[in-house]
Amino acid sequence: MTSSSLPSTIAAPVEHTLEIKRSVFLTHLAPARTVEEADAVIASIRKLRWDARHHCTALIVGTHADRQRSSDDGEPAGTAGVPMLEVLRRREMTDVVAVVSRWFGGVLLGAGGLVRAYGSAVAAALDEATVVHRALRTQVSMDVPHSDAGRVLAFLHQWVGAHDAVLDSPAYGQAATLSLWVPQDQVDALNADLAAHTGGAIATEAGEIRVVDVPAR
């Protein structure tokens, strides 16, 4: 991860089942913005899959992956939660919780086998998840007469796709308020391109800077 980038998250819950020597490892990955949200996911999986022998967990939350936690839930120390957490770290994820429920198949896997199994279970689930990238963006907004809103909105849809920006839904009042989240070094380019498109008729206003989800292009 570069100094200017931020950890990613996932768009929606995903599950993946892995079977090794008759032991079943069912991974549940879910978005969670706080430790409390993650704990609620863990509690719901424990209740739903009450017959599993273990529910090993790993979670990372915070804009900069500030809070991290894992649990082996009865597996030998260091063989489950830590390798699960390491996969999330290596993939540069945050605001996500992983729960791997294990049904024992009667064959001991050994410490090394468990480490590989739990790590592989989380990695396979992440491979199936829709990853959402995040970045710092500056809000740029403008009021546009209703008669021009459709034309300007069409221009902005094209512009954000080429400049790694994000367009908000329009708000309609006395005028149409259009807002987008732009990389700081692209604000001047937006103003220049918009002026060229509208003959300088539309004024923009730069607002707050915050972390936003940036869809994959």
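The values are calculated or read from the model by the stated rules, or taken from the named source; none is laboratory data. Being a predicted model, the structure only gives us computed values, none of them experimental. Quick reminder, even Gly has a Cβ in these numbers, built from the backbone with ideal geometry, and neighbours come from all protein chains shown. Please note that ligands, DNA and RNA were not included when accessible areas were found on the heavy atoms of the full protein model with its side chains. Shrake-Rupley method; radii C 1.70, N 1.55, O 1.52, S 1.80 Å.
So how tilted is helix 187-198 from the main axis of the chain? Cα-based, degrees 0 to 90, rounded to 10. Approximately 50 degrees, to the nearest ten. Residues in the stretch 56-131 average 41 Å² of solvent-accessible surface per residue, probe 1.4 Å, ligands and nucleic acids excluded. With respect to the chain, whose longest principal axis is taken over its alpha-carbon atoms, helix 146-163 is tilted by about 50°. The C-alpha radius of gyration of the stretch 6-118, expressed as a fraction of 2.2 N^0.38 Å, stands at 1.01. Given +1 at the Cβ of Lys and Arg, -1 at the Cβ of Asp and Glu and no other charges, the dipole of the stretch 54-104 around its Cα centre is 80 debye to the nearest 20.
Rounded to the nearest 10 degrees, the inclination of helix 35-48 to the longest alpha-carbon principal axis of the chain is 50 degrees. Dividing the summed helix terms, -39500 (n - 2.57) for each DSSP H run of n ≥ 4, by the number of residues in the chain produces a 222 nm estimate of -11000 deg cm²/dmol to the nearest 500. Hydrodynamic estimate: the Kirkwood radius of the chain over Cα pairs, inserted into Stokes-Einstein at 37 °C and 0.692 mPa s, corresponds to D of 167 µm²/s.
Element breakdown for the stretch 1-147 at a 1.4 angstrom probe: carbon and sulfur atoms account for 53% of the accessible area. Under a model in which nothing but the beta-carbon of Lys, Arg (+1) and Asp, Glu (-1) is charged, the stretch 64-156 shows a dipole of about 140 debye around its Cα centre. At the residue level, Ser169 shows approximately 100 square angstrom of accessible surface with a 1.4 angstrom probe and all protein chains present.
Would you work out which of Gln139, Gly112, Val99 lies farthest towards the positive end of the dipole of the chain, given +1 charges on the beta-carbon of Lys and Arg and -1 on that of Asp and Glu, about the Cα centre? The residue sitting most towards the positive pole is Gly112.
Selection among Leu153, Ala189, Ala129 by position relative to the dipole of the stretch 110-217 gives Ala129 as farthest towards the positive end (Cβ unit charges, Cα centre).
Across the stretch 104-217, the fraction of Cα-Cα pairs farther apart than 25 Å, rounded to a whole number, is 41%. One Cα centroid belongs to the stretch 159-217, the other to the stretch 1-55; the line between them spans 36 Å.
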